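Asks: Handing you this structure, nothing more for now.
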Amino acid sequence: MKQGAKVPRLAFMVDLTTADPDQANAARVHHLVHLFSGHRLPATWTVDSPDRVGQLRKQHTSPEKIEVALKIDRHWLSPLSSHSQFRAALDSRISALSVASGTSTHLVVGDPQLLRTRAAVLAEQGITGIFSERQDCSAPAKLRPLPCGLWQLEPSFCIPPKRSLINFLARRCPSMKQLQAAKGAHTTLVMVQSAELGKAGARALRRLEKLLREISWASSRAQMTVSTVGETLAELSEQRAIKPQQSILKAAA
């Protein structure tokens, strides 16, 4: 998020959750982990259980800690679920993920409109960001400050893209040209959906492989910076903490 950045900055959110945890999905997850690890590209992995983190640790070749985000399903946010029930469920999952991953979890993934009503409970558990699970990335992505010091983050690109009536066959990855053109002050957030890749077929996975290879090459030559969503979130939180202090100092001067 540095204003003086001269190269585009990217961060990947890889959603490993699925309603159908079959053998083909497990193989695809293994392949995705291998791709990012093999190209030495950091990523934030969306999971819904500590068991998935255990699989990640076995497959990941990097000695660094694994950054994970917790997927919160809609049934957690039922109107019949009280704040105390939600707090207990969240505390249990966050604690288990921290043990499994070896690092703290500060990011959840879900519907921001529903999750923002639980902002106080999320903040109590150390959550500072809500990553939108939207699949339609045609609208410009926005970073929104939320109550209790939280941030709402949205993907700028989705892999694979969602089919539309206008272009029913479109399942292409964003191009390097598109990613390199994003030289603004903000990090470009790219969401990779494992389950949707399975539906899109082998060609979509090959396109992702090609894109990651090109990004790795550009990153190795300092033409692009690849960070994690957690690093992006930390910078946002730091900026939010500094701005009020600056305002007080200016008023005093």
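The values are calculated or read from the model by the stated rules, or taken from the named source; none is laboratory data. No experiment lies behind these values; they were computed from the predicted model shown. Backbone-built Cβ (ideal geometry, glycine too); neighbour counts: all protein chains shown.
Asks: Within the range 23-48, work out how many residues are in a strand (DSSP E or B) and without any contact (Cβ under 8 Å) to a residue 40 or more places away in the chain.
Replies: Residues in the range 23-48 being in a strand (DSSP E or B) and without any contact (Cβ under 8 Å) to a residue 40 or more places away in the chain: 1 in total.
Asks: With (1) out of contact with any Phe, Trp or Tyr (no Cβ under 8 Å at 6 or more places or on another chain); (2) closer than 29 Å to GLN113 by Cβ; (3) at pLDDT below 85; (4) not polar (S, T, N, Q) as the list, and ALA88 as the residue in question, which single condition is left unmet?
Replies: Checking ALA88 against (1) out of contact with any Phe, Trp or Tyr (no Cβ under 8 Å at 6 or more places or on another chain); (2) closer than 29 Å to GLN113 by Cβ; (3) at pLDDT below 85; (4) not polar (S, T, N, Q), the one that fails is (3).
Asks: Could you list, in sequence order, all residues of the range 113-139 that are in contact with an Asp or Glu (Cβ under 9 Å, 6 or more places away or on another chain) and at pLDDT below 90?
Replies: GLU133, ARG134, GLN135, CYS137, ALA139
Asks: Continuing with the same structure: Taking the range 190-226 as the region of interest, how many residues are assigned to a strand (DSSP E or B) and crowded, with 18+ Cβ neighbours inside 10 Å?
Replies: 5
Asks: Taking LEU70 as the residue in question, decide whether it is assigned to a loop (DSSP other than H, G, I, E, B) and either touching a Gly at 6+ places or on another chain (Cβ under 9 Å) or modelled with pLDDT of 90 or more (or both).
Replies: When the stated conditions are applied, LEU70 does not pass them.
Asks: Within the range 143-150, is there a residue that is surrounded by fewer than 19 Cβ atoms within 10 Å (Cβ to Cβ) and either charged (D, E, K, R) or modelled with pLDDT under 90 (or both)?
Replies: yes
Asks: Here is a follow-up. Report, by residue number, each residue of the range 95-109 that is among the aliphatic types (A, V, I, L, M) and either modelled with pLDDT under 90 or buried (at least 20 other Cβ atoms within 10 Å of the Cβ) (or both).
Replies: LEU97, VAL99, ALA100, LEU107, VAL108, VAL109
Asks: From CYS158, CYS173, grab the single residue that is in contact with a strand residue (DSSP E or B) (Cβ under 6 Å, 6 or more places away or on another chain), at pLDDT below 85, outside any helix (DSSP H, G or I) and under 24 Å from VAL68 (Cβ atoms).
Replies: Answer to the check: CYS173.
Asks: If you don't mind, another one. Just the residues that are in a loop (DSSP other than H, G, I, E, B) and either within 30 Å of ARG221 (Cβ to Cβ) or modelled with pLDDT of 85 or more (or both), please, taken from the range 49-67.
Replies: Within the range 49-67, HIS60, THR61, SER62, PRO63, GLU64, LYS65, ILE66 meet the criteria.
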